[in-house]
Amino acid sequence: MTKLLPALLFSLLFLACGDEKSPNSPDDDEKVSSSSQKDSKSKKSSSSRKDSSSSKKNSSSSYSSSSTKSSSSSKTYSTEFKIDPKTVSKGKFTDKRDGQVYKTVTIGDQTWMAENLNYKTSSDSECEADSTDKKCEKKGLLYKWQAIIDAASGYCEPYRICAEPIQGICPDGWRIPTRDEWDTLITRIGIRDKDGIKIEAGYRLRSKDFYGSDVYGFSALTVEFWTSTNFRDQRDDRRVVTAKLGEDAYLSGSAQDYPKAYLRCIQDTTPKPDLNNPATIRSYDKNCKDSVWTPKIPPCNINGKDNCEYGEFEGKKTIKIGNQKWMNYDKTVYPLYDSRTCPLGWRVPDPKDWDELIQNVGGKCFATKMLASQKGWESGNGFNAYGFDIKPTGYYSTWLDYEKKRVSQGREFYEKETATTFVVRDSLNTTYKYMAYFSTGRSFFLQYNDDYSANLYCVTSTPAPDISSSFFNPNFNYGEFTDSRDGKTYKTTIIGPQKWMAQNLNYESDSSVCYQDYFYSSYCKSLGRLYSFEDAQNACPAGYHLPSKDEFDTLMSFGAIYHKTNNLFSAYNFGDDTYGFSLVMAGSGEGSTFFSGFYDKKQAKKLSYNGAAFLWSSTPKSDSTAYGLYAYKSDVSDTLHVGYSKTSGLWRTYASVRCLNDTLFNEESK
């Protein structure tokens, strides 16, 4: 025995100092003891133990006046215990995968395997046994990090932080212990010296065959063990905390590509995530530690049973969640400036759209995990609980020239495999300067940024309620007209010699569209439809026509004194509606997918909100423009005039239509 002692001590010293390239820094978590202090103390202790005649005074490992001498050396050890060894319970466990039987030991509230794991992996595991233990039944196998996290399963991958707890290659019901769990064990069974350093824990955990007391039945025959915890909680650190059981015990950072270490599994008492049991779902964002998953809509994809409401639009998959329908229209990464590409009937989502989705699936702390796909994420995979199936595609940097409306996309790809972003429309400014940011390691957030390009998901939702009744003057006696083509009935009014529809036309022609506002994909019932100039020419029903520029001039001369909007605008838009024209700021479209100018009284906080009305005339101004009536009213401006807008090109205008009766009236005929 005495011949083996120097070799053992040299081995322990070598392993304890094997991480000199990356010692713990002073600002590390208190639970990770300083390896440099430990190495220094271990070296002194080893040196003193080599001399069997060393006195207690000179021994750096003597820490208690109430001590007994070790039978194997002059080293003295404490007989004080925080946990009475007599309370330890022992048992056995059979790994169903290979029939291997392991001893177990319960120390306090922790149950550990009392033997190193000996489960053979396809690669990165190694047996270092001697001729008497060819199957590694005594010491177990040495593993690389890639092997213990079970990278092949896709749940955790090398060189990144893995969301704890991690089962890895431990049997079902067991998992890789965390740094804190090792620290708890070491703290409970060790004592502290005057500097607060834990001592004797290693001696108490090691087997008697490995120069320990093994008073707790942990029976360690090896020195270094993996934990599941990243060294500095930074995904680029590529270091993992390991537990080291020299004469004393401590925790230190080791590179993920550290040659090999052993693994002790701990019994997993953490409830398995179960989407049917919200209490088992937790967020990995440190700011959401105590958050509770409370979805407004139950998940539809649970444990392989997928009952989500899928659909298809133009060959693209759609998914319905609550009142919203989303479409992965194109996985191309778009510049934020140039993202007005949703098809007819769909829109680029704004912050309120995203907020509705996030609240439906359980709030920002859980949305990324609920909506992310079940594989492919380096930052931890999601549940895909609602069929949204977001994949990690990252984003590009961009250079924008707003005046020339062009963008130059950078070559560098950011956070691929760890994050993805989506274009978000700014509700108030109708611009694209937001990104919805998804990373399964973080909570959902919107980022104001026009320097990056992002993915595009389109959205549509429940049609808006008909609020047209709020546009009318309750004290005015309207006429009525029914369009024989579709049976829709419109209110009418006579102003001077003209008889007008008192509502915007809502006849569905081939290329007409509905205004796409913040909440709904369709306001047609209230605002009427928006038409291209070409389509507007033949949109009015028999007996009515699209007014000319001159006929708009006539309207203003009889109904708008000094070209002020007050007599024509509805009370909904701060007018008096003197003649029952009931004009509203219904907005317009630039192209068929980018809309602005609708004044929503419920959403606007002040009168100066940017809304407008634009009605097509039948009079062209040039080959690419045509006249129309433009009206705008706020607390600082009152505008009513015949202006003009684009009639062709990708960004041609889509505007409202007010039909004029073919008959001219005079005072007697009224």
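Values in this text are rule-based calculations from the coordinates and carry no lab data. Small disclaimer: the values here were computed from a predicted structure and weren't measured. Note that we place each Cβ from the backbone using ideal geometry, even for glycine, and neighbour counts take in every protein chain shown.
Between N477 and L664, what is the FRET efficiency for a Förster distance of 30 Å, r being their Cβ-Cβ separation, to the nearest 0.05?
Details: r = 21 Å, r/R0 = 0.69.
In this case the efficiency is close to 0.90.
Roughly what would the spin-label model give for K621 and N303, points 7 Å off Cα along C-beta, in nm?
It works out to 6.6 nm between the two label points.
Using a Förster radius of 60 Å, what is the FRET efficiency between K272 and D451 based on their Cβ-Cβ separation? Nearest 0.05, please.
The computed FRET efficiency comes out at 0.90.
Stretched out fully, how many nm does the piece from K120 to S557 gain, at 0.36 nm a residue minus the Cα gap?
Between K120 and S557, full extension yields 148.2 nm more.
Once a ≥ b ≥ c are taken as the square roots of the eigenvalues of the Cα gyration tensor of the range 468-661, is the result rounded (a/c under 1.5), prolate (a/b larger than b/c) or oblate (a/b not larger than b/c)?
rounded
Taking 7 Å along the Cα-to-C-beta vector as the label spot, tell me the C127-H641 distance in nanometres, rounded to one decimal.
That separation, rounded to one decimal, is 9.2 nm.
Most exposed first by the Cβ proxy, i.e. fewest other Cβ within 10 Å, how do I561, I176 rank?
The most exposed by this proxy come first: I561, I176.
Which stretch or stretches of the range 202-226 have amide N atoms under 13 Å from the point lying 7 Å from T87's Cα along the Cα→Cβ direction?
Counting only backbone N, you get no residues.
Given H placed on each backbone N at 1.01 Å, which residues far from W174 in sequence or on other chains put an amide H within less than 5 Å of it?
Residues meeting the criterion, in which the H sits 1.01 Å from N, are D268.
With θ set to phi - 60° and the Karplus curve 6.51 cos²θ - 1.76 cosθ + 1.60, what are the ³J(HN,Hα) couplings of the range 529-537 in order, to the nearest whole Hz, using x for Gly and Pro?
After applying 6.51 cos²θ - 1.76 cosθ + 1.60, I find 9, 10, 10, 6, 4, 4, 5, 5, 4 Hz.
Which peptide among 478-485, 239-246, 316-323 comes first, and what is the full order, when sorted by highest mean count of other Cβ atoms within 10 Å?
239-246, 316-323, 478-485
Using the Cα gyration tensor of the range 441-486, with a ≥ b ≥ c the square roots of its eigenvalues, what is the shape: rounded (a/c below 1.5), prolate (a/b larger than b/c) or oblate (neither)?
prolate
Please give the net charge around L629, taking every other residue with its beta carbon less than 13 angstrom from that of L629, where Lys and Arg add +1 and Asp and Glu add -1.
Value of the local net charge: -1.
What FRET efficiency comes out for the pair S484/S511, r = Cβ-Cβ distance, R0 = 30 Å, nearest 0.05?
The value I calculate is 0.85.
Compute the distance in nm between two label points, each set 7 Å from the Cα along the Cα-to-Cβ direction, one at T294 and one at N566.
Taking the two extended label points, one gets 5.0 nm.
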